[in-house]
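Colleague: Questions regarding the structure given below will be posed in turn.
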Amino acid sequence: MEFDTVILGAGAAGLMCAAHCAGPGRGRVLLVDHAKAPGEKIRISGGGRCNFTNTGCEAANFLSSNPHFAKSALARYGAWDFVSLVSEHGIAWHEKTLGQLFCDESAKQIVAMLTGLVAQAGAEMWLSTSVGEVRHDGALFSLTLDKDGTPRQVTARRLVVATGGKSIPKMGATGLAYDIARQFGHAVTQTRPALVPFTFPEGRFAPLSGVALPVVAQTVDGPPFAEALLFTHRGLSGPSVLQVSSYWRNGEPVKIDLLPGQDAFALLRAARAEAGRRGLARVLASWLPTRLADAVAEELAHPGNLADLSDPRLQEIAQRLHRWQVIPGGTEGYRTAEVTLGGIDTAGLSSQTMESTQLPGLYFIGECVDVTGWLGGYNFQWAWASAMACARALSGAQG
Ligand code: FDA
């Protein structure tokens, strides 16, 4: 079967691209996915409400070997462009925090909007279709597909790879994009799980499981993230931890300020002056969740009253609260990671169109590219923006 464009992956980027590159006079477009339903990660995202963009989105919110690469696509299709699309389709939304926009009702509305646009544009969608061999004969791509157990051979002048990264293999994530990239001479930067909880040996924080508090967390060379921290049975999670996990390297410490924006030394001195007969745990519990206050006091091994503590000792305790350091044993890995860090080297792609510089007609969009966003709607915005950069090039090229 002959198509003008085949798009592999009916996730966020693939759906967005198909919706905007297909249409009357734009040739035959086929969207392929091995899953039974399109946009599965959209459906489960943001706790079922999809944090579909971030109003403060800019290239500085992304990690990439080339921090400039994302600029062009993000500038040409910004957060407010997607907000307009969502609003035009009657999907109500709200800002939760830090510029993060969510659906009022359900993430399924975003999937329905995109699949509706794909159908309206006249693109075909083949689900439950696995991808076998991908070849290029100098003019055409030819793909061996298997749709519901029936082999299909398709050809296309253009191939868009939008099969995402490796996170959550249970949902069907595969490394197909990286394999296709390498096959056609592209470099792939080192990939690893990101936006992922930290684990610690011997259930170190299990007794604190469920405790949450606002902190500022930072790795050795990453930016600070002022968001919530959550203790879990396996270790540490919560938005601040997921954010720093993208910057963390094995063996490195993570620095956590448990009392951000406060002066712990001044607080401790004032408490000593006002109620010196109180124990440290009780005093700490005025500022920290009780279970954490108990654990910190126990770790500091101070059984006596606050009045017994000298200024230097209070300084030490204050330091401990503002500069708590932990060395994670590892992360929960691709099993729970929201995204894959690294990917197809941007050096081999046009930042204007996402087209391969090695092989014209081949495009890579979305998470498979070495552009990884922070937590907070940035990864979807990259999926929409890179898809639009590609779709514009494809529809323009088809005239
Ligand atoms: P995506 O993963 O969406 O799509 C890839 C598609 O390719 C899938 O449909 C898959 O089935 C298909 N595929 C893979 N391998 C294939 C193969 N071998 N053959 C055929 N098809 C194949 N981001 C954000 O901005 N806000 C949020 O709220 C969240 N929330 C969130 C929650 C959870 C639990 C996860 C795991 C992730 C998020 N994210 C997020 C991240 C976001 O989901 C992710 O960055 C985008 O979905 C990436 O879009 P892509 O289209 O590139 O890949």
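Colleague: Return the pairs, sorted by first residue and then second, in which the second residue is of a type in the set (Asp, Glu) and in a strand (DSSP E or B), the first residue lies in the stretch 331-357 and is modelled with pLDDT of 95 or more, the beta carbons are less than 8 Å apart, and the residues are 6+ apart or on different chains.
Modeller: Every condition considered, the pairs that remain are Leu349/Glu355.
Colleague: Residues that are over 15 Å from Gly330 (Cα atoms): list the strands (runs of 3 or more DSSP E) wholly contained in the stretch 138-256 that include at least 2 such residues. Spell out how you get there, then give the answer.
Modeller: Values: elements: 141-147, 150-161, 192-194, 212-218, 225-231, 235-237.
So the answer is 141-147, 150-161, 212-218, 225-231.
Colleague: Just give me the residues in the stretch 259-291 being closer than 21 Å to Ser240 by Cβ and touching a strand residue (DSSP E or B) at 6+ places or on another chain (Cβ under 7 Å), in sequence order.
Modeller: Result: Pro260, Leu288, Pro289.
Colleague: Among the numbered criteria (1) in contact with an Asp or Glu (Cβ under 9 Å, 6 or more places away or on another chain); (2) near the ligand (Cβ under 10 Å from one of its atoms); (3) not in a helix (DSSP H, G or I), which single criterion is violated by Ala35?
Modeller: Among (1) in contact with an Asp or Glu (Cβ under 9 Å, 6 or more places away or on another chain); (2) near the ligand (Cβ under 10 Å from one of its atoms); (3) not in a helix (DSSP H, G or I), Ala35 violates only (1).
Colleague: Going by the conditions given, is Glu316 among the charged types (D, E, K, R) and either within 11 Å of the ligand (Cβ to nearest atom) or assigned to a loop (DSSP other than H, G, I, E, B) (or both)?
Modeller: Spelling it out, it is not the case that Glu316 is among the charged types (D, E, K, R) and either within 11 Å of the ligand (Cβ to nearest atom) or assigned to a loop (DSSP other than H, G, I, E, B) (or both).
Colleague: So in the stretch 331-343, with the set limited to residues that are open to solvent by less than 10 Å² (accessible area, probe 1.4 Å) and not in a loop (DSSP other than H, G, I, E, B), which one is farthest from the ligand (Cβ to nearest atom)?
Modeller: Residue satisfying both the conditions and the ranking: Thr340.
Colleague: Also, I was wondering about something else. Before we move on, is Leu117 in contact with a helix residue (DSSP H, G or I) (Cβ under 6 Å, 6 or more places away or on another chain) and either aromatic (Phe, Trp, Tyr) or farther than 22 Å from Val339 by Cα (or both)?
Modeller: Answer is yes for this residue.
Quick grid of which residues meet (1) within 18 Å of the chain's Cα centre (by Cα); (2) open to solvent by 30 Å² or more (accessible area, probe 1.4 Å); (3) away from the ligand (no atom under 15 Å from the Cβ):
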| position | (1), (2), (3) |
| --- | --- |
| Asn51 | yes, no, no |
| Thr55 | yes, yes, no |
| Leu63 | yes, no, no |
| Asn66 | yes, yes, yes |
| Lys71 | yes, yes, yes |
| Leu74 | yes, no, no |
| Ala79 | yes, no, no |
| Phe82 | yes, no, no |
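Colleague: Could you say whether any residue in the stretch 360-370 is of a type outside the set (Lys, Arg), over 21 Å from Leu143 (Cβ atoms) and open to solvent by less than 30 Å² (accessible area, probe 1.4 Å)?
Modeller: Yes, the stretch 360-370 has at least one match.
Colleague: For residues in the stretch 127-152 being under 17 Å from Ile180 (Cβ atoms) and of a type in the set (S, T, N, Q), which is least open to solvent (accessible area, probe 1.4 Å)?
Modeller: Checked the stretch 127-152; the qualifying residue least open to solvent (accessible area, probe 1.4 Å) is Thr129.
Colleague: Restricting the stretch 9-32 to residues that are part of a loop (DSSP other than H, G, I, E, B) and closer than 21 Å to Gln153 by Cβ, which is farthest from the ligand (Cβ to nearest atom)?
Modeller: Gly27
Colleague: Residue by residue through the stretch 344-359, note down the ones that are assigned to a helix (DSSP H, G or I) and either open to solvent by 30 Å² or more (accessible area, probe 1.4 Å) or touching a helix residue (DSSP H, G or I) at 6+ places or on another chain (Cβ under 7 Å) (or both). So that I can check it myself, show each step before the final result.
Modeller: Step one: of the stretch 344-359, the residues assigned to a helix (DSSP H, G or I) are 346-348.
Hit for the stretch 344-359 is Ala347, nothing else.
Colleague: When you look at Pro207, is it touching a strand residue (DSSP E or B) at 6+ places or on another chain (Cβ under 6 Å), on the phi < 0 side of the Ramachandran plot and not β-branched (Val, Ile, Thr), yes or no?
Modeller: On the way: touching a strand residue (DSSP E or B) at 6+ places or on another chain (Cβ under 6 Å): no; on the phi < 0 side of the Ramachandran plot: yes; not β-branched (Val, Ile, Thr): yes.
Answer is no for this residue.
Colleague: When residues of the stretch 155-173 are filtered for being surrounded by fewer than 19 Cβ atoms within 10 Å (Cβ to Cβ) and either of a type in the set (S, T, N, Q) or more than 9 Å from the ligand (Cβ to nearest atom) (or both), how many remain?
Modeller: 4
Colleague: Further question: For residues that are loosely packed, with under 15 Cβ neighbours inside 10 Å, of a type in the set (D, E, K, R) and within 22 Å of Pro207 (Cα to Cα), tally how many sit in the stretch 292-330.
Modeller: 3
Colleague: Regarding the stretch 361-371, can at least one residue be identified that is of a type outside the set (Phe, Trp, Tyr) and farther than 26 Å from Glu40 by Cβ?
Modeller: yes
Colleague: Kindly indicate the residue of the stretch 106-122 that is within 15 Å of the ligand (Cβ to nearest atom) and not in a helix (DSSP H, G or I) and also least open to solvent (accessible area, probe 1.4 Å) among those meeting that condition.
Modeller: If we take residues in the stretch 106-122 being within 15 Å of the ligand (Cβ to nearest atom) and not in a helix (DSSP H, G or I), then Ala107 is least open to solvent (accessible area, probe 1.4 Å).
Colleague: Let me ask something else about it. For the stretch 262-286, which residues satisfy the criterion of being within 14 Å of Ala318 (Cβ to Cβ), open to solvent by 80 Å² or more (accessible area, probe 1.4 Å) and not polar (S, T, N, Q)?
Modeller: Those that are within 14 Å of Ala318 (Cβ to Cβ), open to solvent by 80 Å² or more (accessible area, probe 1.4 Å) and not polar (S, T, N, Q): Asp263, Arg269.
The values are calculated or read from the model by the stated rules, or taken from the named source; none is laboratory data. Just so it is clear, the structure is predicted and the values come from calculations on it, not from any experiment. Note: ideal-geometry Cβ built from the backbone for every residue, glycine included; neighbour counts use all protein chains shown. What goes into the accessible areas is simple: the full protein's heavy atoms, side chains included, and nothing from ligands, DNA or RNA. Shrake-Rupley method; radii C 1.70, N 1.55, O 1.52, S 1.80 Å.
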